[in-house]
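Engineer: One structure follows; several queries about it will come next.
The values are calculated or read from the model by the stated rules, or taken from the named source; none is laboratory data. Every value quoted in this text rests on a predicted model; they were computed, and no experiment measured them. Here the Cβ positions follow ideal geometry from the backbone for every residue, glycine too, while neighbour counts run over all protein chains shown. Note: areas computed on protein heavy atoms with side chains; ligands, DNA, RNA excluded. Shrake-Rupley method; radii C 1.70, N 1.55, O 1.52, S 1.80 Å.
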Amino acid sequence: MVVLIGVTALVVLMNSTANSPGATPAGAHITSAGAITFGDSTQNSVTTYVDFLCPYCNQFEQSVGPTIKQKIDEGKTSLEVFPMGVLDTRSNPAGYSSRAASAMYSIAIHDYAHAYDFLQAMYANQPEEGSAGLSDQQIIDVAKNAGVNMTSDLEKEIKTHTYQKFAQSTQLPQGTTGTPTVLVNDKLIAVTMDPQTDIIGRLK
């Protein structure tokens, strides 16, 4: 299948620099493919491939994210999030995207109850492309401010980028070229940033 995404909502996919997937994130709310899951609805599903440096992912979160969260809370859909390192070369030094994705995995494992809050907070504190991105300590501070229980083990994982290579190795669905890539009920959609068009009108 081919996704039709408007040019204004497209970020070109960069080649991964990872040679191997490295440590694989595993937990009750992480699928074998590496998606972090929210909600348990079997009626509908939304799948997103996102990058924490991607401005269009941020735009999608601000415009459509609240609707997705509402439908999760209502039990009308589940959400699978693939955090990626697509824009690793757009930070200086390179690697911010996959560092942030690694932190997302670690938080989903150690404090799942605040994982969604952390996702929202990372977009609220999104750095500009071309910058160094948030430092590991700044990511930790964002997590703490989002309510995450920052244990010593979690802090160590964030600082050592435990799942960075995994995030770098994650591939977009065939036929897609950038983030955000969004599927509703396993069908690729043309992202419009309108919640009615992108989500509500596609739910069963």
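Engineer: Given the -39500 (n - 2.57) contribution per DSSP H run of 4+ residues, what per-residue ellipticity at 222 nm results for the chain, rounded to the nearest 500 deg cm²/dmol?
Structural biologist: Mean residue ellipticity, 222 nm, calculated: -10000 deg cm²/dmol.
Engineer: Shifting gears a bit: Based on the Cα gyration tensor of the range 39-144, what are the three equivalent ellipsoid semi-axes, each the root of five times an eigenvalue, rounded to whole Å and given largest first?
Structural biologist: 25, 14, 11
Engineer: Continuing with the same structure: Which FRET efficiency value, to the nearest 0.05, is calculated for Asp40 and Thr89 with the Förster distance at 45 angstrom and r the Cβ-Cβ distance?
Structural biologist: 0.75
Engineer: A further question on this structure: In nm, what is the difference between 0.36 nm times the number of residues separating Thr177 and Asn145 and their Cα-Cα distance?
Structural biologist: Gain on extension, Thr177 to Asn145, equals 8.2 nm.
Engineer: Keeping all protein chains in the complex and leaving out DNA, RNA and ligands, what accessible area do you get for Lys165 with a 1.4 Å probe, in Å² to the nearest 10?
Structural biologist: Its accessible surface works out to 110 Å², give or take rounding.
Engineer: Something else: Name all residues of the range 143-174 having a backbone nitrogen under 18 Å from the label point set 7 Å from the Cα of Tyr112 along its Cα→Cβ direction, giving them as ranges.
Structural biologist: Zone members listed by number: 148-151, 154.
Engineer: Let me ask another. In the chain, what is the volume of the convex hull around the alpha carbon atoms, normalised per residue and reported in Å³?
Structural biologist: In the chain, the Cα convex hull volume per residue is 108 Å³.
Engineer: Okay, moving on. Net charge within 14 Å of Gly147 by Cβ-Cβ distance, Lys/Arg positive one each and Asp/Glu negative one each, not counting Gly147 itself?
Structural biologist: With Lys, Arg at +1 and Asp, Glu at -1, the net is -2.
Engineer: Would you calculate the separation in nanometres between label points at Thr160 and Ser135, each defined as 7 Å from the Cα along the Cα-to-beta-carbon direction?
Structural biologist: Distance between the two pseudo-spin positions: 2.1 nm.
Engineer: Let me ask another. Only Cα pairs within less than 10 Å get springs; with that Gaussian network setup on the chain, which residue of Gly133, Gly95, Gly147 has the largest fluctuation?
Structural biologist: Gly147
Engineer: Can you tell which of Gly201, Val148, Cys54 lies farthest toward the positive end of the dipole of the chain, using +1 and -1 charges on the Cβ of basic and acidic side chains (Lys, Arg; Asp, Glu)?
Structural biologist: My answer, from the dipole projection, is Gly201.
Engineer: Now, a different point. Before I look further, what does the range 22-120 give for accessible area per residue, probe 1.4 Å, in whole square angstrom?
Structural biologist: I get 35 Å² per residue for the range 22-120.
Engineer: So between Thr197 and Gln62, what do we pick up on full extension, going 0.36 nm a residue minus the alpha carbon distance?
Structural biologist: Additional length available on full extension: 47.1 nm.
Engineer: Considering only protein heavy atoms and a probe of 1.4 Å, how much of the accessible area of the range 42-174 is carbon and sulfur, as a whole percent?
Structural biologist: Within the range 42-174, the accessible surface is 43 percent carbon and sulfur.
Engineer: What net charge is computed for the residues neighbouring Ala101, neighbours being all others with C-beta under 12 Å from the C-beta of Ala101, Lys and Arg scored +1, Asp and Glu -1?
Structural biologist: Residues near Ala101 contribute 0 overall.
Engineer: Find how much the distance from Glu128 to Ala26 grows on full extension, using 0.36 nm per residue of separation minus their present alpha carbon separation; answer in nm with one decimal.
Structural biologist: 33.7 nm
Engineer: For the pairs Lys69/Lys159; Lys69/Lys204; Lys69/Lys156; Lys71/Lys204, note any where the Cα-Cα span goes beyond 19 Å.
Structural biologist: Flagged as over cut-off: Lys69/Lys159; Lys69/Lys156.
Engineer: Treating the beta-carbon of each Lys and Arg as +1 and of each Asp and Glu as -1, no other charges, what is the dipole magnitude of the chain about its Cα centre, to the nearest 20 debye?
Structural biologist: Using Cβ point charges on Lys, Arg, Asp and Glu, the chain gives about 320 debye.
Engineer: I've got another one for you. Determine Rg/Rh for the range 99-151; Rg is computed over alpha-carbon atoms and Rh is the Kirkwood hydrodynamic estimate from the same atoms.
Structural biologist: 0.94
Engineer: Express the C-alpha Rg of the range 82-129 as a ratio against the empirical globular expectation 2.2 N^0.38 Å, rounded to two decimals.
Structural biologist: This ratio for the range 82-129 stands at 1.15.
Engineer: Now for a different question. In a Debye calculation with equal point scatterers on the alpha-carbon sites of the range 102-187 and no solvent, what is log10 I(q)/I(0) at q = 0.14 Å⁻¹?
Structural biologist: The Cα Debye sum returns log10 ratios of -0.56.
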